[in-house]
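Student: Here it is, the structure, as structure tokens.
Where a number appears in this text, it was derived from the coordinates with a stated rule and is not lab data. Just so we're clear, the structure is a prediction, and the values are computed from it rather than from any experiment. All Cβ positions, even for glycine, are placed from backbone atoms using ideal geometry, and neighbour counts span all protein chains on display.
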Amino acid sequence: MSPATKTPPRERITDGTGSDQDAPWHVIVLNDSHNTFEGVAFALSSVLPGVGYDRGMTYANQIHSSGRAIVWSGHQERAEHYWEQLKGHGLTMAPLERQ
């Protein structure tokens, strides 16, 4: 193989935090014009462990004021499960994100 056709080695890009296997996945709810504050709070408190209605209202206010809120973080399988359930309640969801 001549030097002109040899593919240069690719450098692996890493963020320096170690294994991505342990990085949490974020469930993010987006602001929309069709869900009420009460509906968002109800959905969050119905789906997410440890989130009561009052905490759901706090998230609803954050979603309204900033356009989005990370409402849960953790392992991918549970994040996917909560994401699907919240979407089923009619919330507008961002794609799952990894920290």
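Student: Using a 7 Å offset from the Cα along the Cα-to-Cβ direction at both residue 81 and residue 99, what is the distance between the two label points in nm, to one decimal?
Tutor: Once both label points are built, they end up 2.0 nm from each other.
Student: Then there's this: Only counting other Cβ atoms within 10 Å, I'd like 32, 22 sorted with the fewest neighbours first.
Tutor: Values: 32 14, 22 9.
Result, fewest neighbours first: 22, 32.
Student: Ok, one more. Around residue 68, which amide H atoms from residues at least 5 apart in sequence, or from another chain, sit under 5 Å from its own amide H, with H modelled in the peptide plane?
Tutor: Counting only residues 5 or more places away or on other chains, the set is 31.
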